[in-house]
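Peer 1: So that we are looking at the same thing, I have put the structure below in structure tokens.
The values are calculated or read from the model by the stated rules, or taken from the named source; none is laboratory data. What you see is a predicted model; the values in this text were computed from it and never measured. So basically every Cβ, Gly included, is an ideal-geometry build from the backbone, and we count neighbours across all protein chains shown. For the accessible areas, the whole protein counts, side chains as well, though only heavy atoms, and no ligand, DNA or RNA atoms are used. Shrake-Rupley method; radii C 1.70, N 1.55, O 1.52, S 1.80 Å.
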2 protein chains.
Amino acid sequence: MIRKASRERRSRVVLALDLEDPDRGKLMQRSMDVLSAVAKHVCAVKLNRQLVLALGLWGGVDSIVNTIHEFSLPAIMDAKLNDVGHTNEFMARSYMDAGFDALIASPITGWEGGMDSVFKLAESRDKALIMLTYMSNPGAQTFYSMQASRGNESPKPMFETFIEMARQWKAYGLVVGATRPEIIRRSRELAGRDMAILSPGVGAQGGDPRAAIGAGSDYLIVGRAIYEASDPKKAASQYSELTL
Amino acid sequence: MIRKASRERRSRVVLALDLEDPDRGKLMQRSMDVLSAVAKHVCAVKLNRQLVLALGLWGGVDSIVNTIHEFSLPAIMDAKLNDVGHTNEFMARSYMDAGFDALIASPITGWEGGMDSVFKLAESRDKALIMLTYMSNPGAQTFYSMQASRGNESPKPMFETFIEMARQWKAYGLVVGATRPEIIRRSRELAGRDMAILSPGVGAQGGDPRAAIGAGSDYLIVGRAIYEASDPKKAASQYSELTL
């Protein structure tokens, strides 16, 4: 679905719709407005927990997901699932019920009693799971690049283990911050060609679109640089051109 | 607040109110019923994202938080915050605005552009932050016990680094699964006496209350073993006796 939309629209930009507004009605309206303005220039829409907390999943975010689908775009929930199995499964089921096509999850819970139930559910409902592999913020390095070893293995950077897990679990893709092209390059080497790499951190966080794509990202996640622009449509169009 | 309630009620049990019900009205009613039944036997109430997704934060979870406060109990949000700074801060602010006294966060984002904004906010609003240090599910071991090193440090188990971070950041407490008393013991050694240790995984997940308290936990987080019991009040009372 994302590949089709990307080819048709000649864009590798995933809109991160993370608007904030204390007024619920205005927030809903602004979200819909940005969506309509940029829909032709993006290949997917990612929602984060900003909208879920402010609008509620039901009677709020679910309507936005419907609108995303009306534009023939896939809806990705940036849930960063990181809880024990029964809670992860509840969250995953709720988001899938609300119409999301793909969820972002953290591999940190491990398989047993962590991600096992989520992968099972996703398979049964034909939904995609994307593993959070390397975050885009400066402090992420402390953790994601730690030299770490499982059992008797020799140490390697933490994110490399996450990619191994994602491959083993047959995840659809990886999230790797656009702020670190060298990490994207290494992730692509380890992930092979079939796994999608999505990269946030372009624009407001300083990531360079061309460098991220050049290093092996398939899709760039762009939020504030589009929805806070004076002309979101133009910003989305410009970012999509940068990714060709 | 939690210490006061714990002394007064002679209980170290934190109720995890993670009910599920497809009917929103029933879910609200059952949550209130369980809360009223067990309030005298617990020292705090922890909500997870089950209720947030099902009821919404506004016009749902916020009412439950009010009721928790009417019972003179603190409300802990098990948000497991794990996003970049501006999203973490938005989530933290939303939960604090809804009345929560403490939030659980994951140290994995690191400080800069991850936890920095959350700690700043918590300090300005006199709220407590609790760091997710070791999860209770079987698969958690893969990750939380990995031998990992920061920079030129010699390798040690991952959760030990998280405790160092929690101390450095001046967190109020740690979450360490009750299913692994030896990890609780080590966490207590490293955390010192001032930091609270909260342990989930008692009951449905198989953790032994006495072993967890004996190893150094201050509070046990109990969910299904209370709210799925035929008599939740009795179950809460029994668990609280086990923790004395």
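Peer 1: Can you give me the distance in nm between label points at A:R150 and B:D33, each placed 7 Å from the Cα along the Cα-to-Cβ direction?
Peer 2: Label at A:R150, label at B:D33, 4.4 nm between them.
Peer 1: Got the A:K233 label distances to the other copies yet, label 7 Å along Cα→Cβ, in nm, shortest first?
Peer 2: Copy-to-copy label distances for A:K233: 6.3 nm.
Peer 1: Tell me the Kirkwood hydrodynamic radius of the protein assembly as shown in angstroms, computed as one over the mean inverse distance between distinct C-alpha pairs.
Peer 2: The answer is 22.7 Å.
Peer 1: Averaged over peptide B:84-90, how many Cβ atoms belonging to another chain are found within 10 Å of each residue's Cβ?
Peer 2: Across B:84-90, the average partner-chain Cβ count within 10 Å equals 6.
Peer 1: If you average the alpha carbon positions of region B:140-168 and of region A:78-113, how far apart do those two centres end up, in angstrom?
Peer 2: If you average the Cα positions of each part, the centres end up 25 Å apart.
Peer 1: Here's something else I'd like to know. Measuring from a point 7 Å out along Cα→Cβ, what nm distances, shortest first, does B:E189 have to its partners in the other copies?
Peer 2: The projected label point of B:E189 is separated from its counterparts by 3.8 nm.
Peer 1: B:K233 label point, 7 Å along Cα→Cβ, cut-off 14 Å on backbone N: hits in region B:7-35?
Peer 2: B:33-35
Peer 1: Follow-up. Determine the percent antiparallel among the DSSP beta bridges restricted to chain B, to the nearest 5.
Peer 2: 5 percent
Peer 1: Express the accessible area of region B:50-187 per residue in Å², computed with a 1.4 Å probe while the remaining protein chains stay in the model.
Peer 2: Working: 4410 Å² over 138 residues.
Value returned for region B:50-187: 32 Å² of accessible area per residue.
Peer 1: Right, something else. Using only DSSP helix segments of four residues or longer, with each worth -39500 (n - 2.57), what per-residue ellipticity at 222 nm results for the protein assembly as shown after dividing by its residue count and rounding to 500?
Peer 2: Computed ellipticity for the protein assembly as shown at 222 nm equals -13000 deg cm²/dmol.
Peer 1: Shifting gears a bit: Could you tell me what percent of the DSSP beta bridges with both partners in region B:84-214 are antiparallel, to the nearest 5?
Peer 2: Bridges in region B:84-214 that DSSP calls antiparallel: roughly 15 percent.
Peer 1: I would also like to ask the following. Can you pull the percent of region A:114-214's accessible area that's carbon plus sulfur, 1.4 Å probe, other chains left in place?
Peer 2: Answer for region A:114-214: carbon and sulfur cover 45 percent of the accessible area.
Peer 1: Still on this model: Take every DSSP beta bridge with both residues inside the protein assembly as shown and express the antiparallel ones as a percent of the total, to the nearest 5.
Peer 2: 10 percent
Peer 1: Now for a separate question. Let me understand chain B better: what is its radius of gyration from the alpha carbons, and its Dmax, in angstrom?
Peer 2: 17.2, 55
Peer 1: With a cut-off of at most 15 other beta carbons within 10 Å, and DSSP calling the residue loop, which GluC sites (Glu not before Pro) in region A:87-154 qualify? Please list them.
Peer 2: Sites meeting the loop and neighbour criteria: A:E153.
Peer 1: If you don't mind, there's one more thing I want to ask. Just to confirm the number: angle between the C-alpha axis of helix A:24-38 and the first principal axis of chain A, 0 to 90 degrees, nearest 10?
Peer 2: 80 degrees
Peer 1: Between the chain alone and the structure with every protein chain in place, find the residues of region B:50-70 that drop at least 10 Å² of accessible area; heavy atoms, 1.4 Å probe.
Peer 2: SASA drop of 10 Å² or more in region B:50-70: B:Q50, B:V52, B:L53, B:A54, B:G56, B:L57, B:W58.
Peer 1: What quantity of accessible surface, computed with a 1.4 Å probe and excluding non-protein components, is buried in total between chains A and B, in Å² to the nearest 100? It would help to have the intermediate numbers written out before the result.
Peer 2: On the way: alone 11350 and 11350 Å², together 18600 Å².
Buried: approximately 4100 Å² between B and A.
Peer 1: Just list whichever of B:K80/B:K156; B:K120/B:K156; A:K80/B:K40; B:K80/B:K170; A:K120/B:K80; A:K127/B:K127 have alpha carbons separated by over 26 Å in the model shown.
Peer 2: Values: B:K80/B:K156 23 Å; B:K120/B:K156 29 Å; A:K80/B:K40 35 Å; B:K80/B:K170 17 Å; A:K120/B:K80 23 Å; A:K127/B:K127 38 Å.
Over 26 Å Cα-Cα: B:K120/B:K156; A:K80/B:K40; A:K127/B:K127.
Peer 1: What is the sum of charges, Lys and Arg at +1 and Asp and Glu at -1, for the other residues whose Cβ falls under 10 Å from the Cβ of B:D97?
Peer 2: Around B:D97, the charge tally is +1.
Peer 1: Express the relative contact order of chain A as a whole percentage, based on alpha carbon pairs under 8 Å and six or more residues apart in sequence.
Peer 2: 20 percent
Peer 1: Determine Rg/Rh for region A:1-58; Rg is computed over alpha-carbon atoms and Rh is the Kirkwood hydrodynamic estimate from the same atoms.
Peer 2: Rounded to two decimals, Rg over Rh is 1.03.
Peer 1: If the label for A:G59 sits 7 angstrom from Cα along the Cα-to-Cβ line, what are its distances to the same label in every other copy, in nm to one decimal, shortest first?
Peer 2: 0.4
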